[in-house]
Amino acid sequence: MRDEYGEFIGVVSRGLEASNFRYMKTLFDESKKGFLFGIHNAIESIYKTKSVLVVEGVFDLLAVQPFFPASVAMLTSGLSSAHKDVLDRYVKKIIYVPDNDSAGQESYNNLIKFCSKRYEIIKVDYKYKDLSAWLEADKSTFSSYFTDLKNIFF
């Protein structure tokens, strides 16, 4: 894991056995408040477009970042105030893609409630559990959607 300056701050690991393949373990410098996974790869695109696509987890980011480079993951179900402090430096528009569950909907509602005056917020609606599930189920539609979205911003 690297911060927006490319400095190493931690690791993300997963089990390789089928029983715990999707289990994630994250260890990082807790003093790095507002850390957004993948920001070191996305920062140039974020700065250029003043926009960011925000997802919940690592697998979602790995799915979308090849198609939309200004993407980061929260590593939680909602943007914290520390995340917002980091984004305040760079963005005016948030494309928000939470998981399709109650926590994801709640995080979107909170984002609208507390940040709609601060950012333009766009929510991506889709029918799968999360972005990685969408990519697995329908790569063609997924890649077309996010490539088209990228073309709007770049």
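The values are calculated or read from the model by the stated rules, or taken from the named source; none is laboratory data. These numbers were taken from a predicted model, which means no experiment stands behind them. Virtual Cβ from ideal backbone geometry, glycine too; neighbours counted across all protein chains shown. Heads up: the accessible areas ignore ligands, DNA and RNA and are worked out on the full protein's heavy atoms, side chains in. Shrake-Rupley method; radii C 1.70, N 1.55, O 1.52, S 1.80 Å.
Please name all residue pairs, on different chains or six or more residues apart, with Cβ atoms under 9 Å, provided the first residue is in the stretch 34-49 and is free of Cβ contacts under 8 Å to residues at least 60 places away in the same chain and the second residue is among the polar types (S, T, N, Q) and open to solvent by less than 20 Å² (accessible area, probe 1.4 Å).
Cβ pairs passing all conditions: Gly38/Ser71; Asn41/Ser71; Ala42/Ser71; Ile46/Ser71.
Sort out which residues of the stretch 129-154 are open to solvent by less than 60 Å² (accessible area, probe 1.4 Å), closer than 17 Å to Asp101 by Cβ and either part of a helix (DSSP H, G or I) or modelled with pLDDT of 95 or more (or both), and write them in order of number.
Selection gives Leu131, Ser132, Ala133, Trp134.
I want to confirm something. Restricting to the stretch 50-75 and keeping residues that are at pLDDT below 90 and more than 17 Å from Lys123 (Cα to Cα), which single residue is least open to solvent (accessible area, probe 1.4 Å)?
Val58
Could you look through the stretch 76-106, keep only residues that are over 13 Å from the mean Cα position of the chain (by Cα) and closer than 22 Å to Tyr128 by Cβ, and pick out the one that is surrounded by the fewest Cβ atoms within 10 Å (Cβ to Cβ)?
Among residues in the stretch 76-106 that are over 13 Å from the mean Cα position of the chain (by Cα) and closer than 22 Å to Tyr128 by Cβ, the one surrounded by the fewest Cβ atoms within 10 Å (Cβ to Cβ) is Ser102.
Just a yes or no: is a residue in the stretch 32-46 buried (at least 21 other Cβ atoms within 10 Å of the Cβ), of a type outside the set (Ser, Thr, Tyr), at pLDDT 90 or above and in contact with a Gly (Cβ under 8 Å, 6 or more places away or on another chain)?
Among the residues of the stretch 32-46, not one is buried (at least 21 other Cβ atoms within 10 Å of the Cβ), of a type outside the set (Ser, Thr, Tyr), at pLDDT 90 or above and in contact with a Gly (Cβ under 8 Å, 6 or more places away or on another chain), which makes the answer no.
Out of curiosity, is Lys113 more than 22 Å from Tyr47 (Cα to Cα), in contact (Cβ under 8 Å) with a residue 12 or more places away in the chain and exposed (fewer than 13 other Cβ atoms within 10 Å of the Cβ)?
no
Could you tell me whether Ser19 is in a loop (DSSP other than H, G, I, E, B), among the hydroxyl-bearing types (Ser, Thr, Tyr), open to solvent by 40 Å² or more (accessible area, probe 1.4 Å) and modelled with pLDDT under 60?
The answer is no for Ser19.
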